[in-house]
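Scroll down for the structure; my scribbles are underneath it.
The values are calculated or read from the model by the stated rules, or taken from the named source; none is laboratory data. From a predicted model like this one, the values you see are computed outputs, not experimental measurements.
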Amino acid sequence: MQSDINCFQHKFRIEDAVLKLYFKVLRKNLYSLGLLGATPIHYKIGEWTRPKEPISDHPRKGGELWVVARESHARAVQRYMLKKYRMRTRIFQCRIGKIIKIKNRKSHSQRIKTTAVMLWTEVFPARKQRIRTGDDFCD
């Protein structure tokens, strides 16, 4: 049995099978962000989560479980949520089911729509998130 971890590429090799890890950005209470009017979904660490609606390959219709391929893209989503909505979020490495659609956006990161997501482990920030409000900082 071979067990080796390559953190730079976010790939795990377990018994000669390579599992690519993706990244999911969630609210502090492990609910989805609810962007584009999507219904919030509750996630649990180590359990597969599937959408409640029927799955569609349309970018805005059907069960939507979106992930990103890189940690830097997840950090960009995290900064966006903090700046626009003042919402603190958490980033998780995750495994995914079947890929339905890959969406490239010039102004945002690459997003991947999938049939299922399993949260693997939380990615902790290098520094604490802070919101500047006037002369003081809020945690």
- Residues in segment 42-67 that are at pLDDT 75 or above and closer than 20 Å to residue 80 by Cα: how many? 3
- Query: What tally of residues in segment 85-123 results from selecting those that are assigned to a loop (DSSP other than H, G, I, E, B) and modelled with pLDDT under 85?
  - Reply: 7
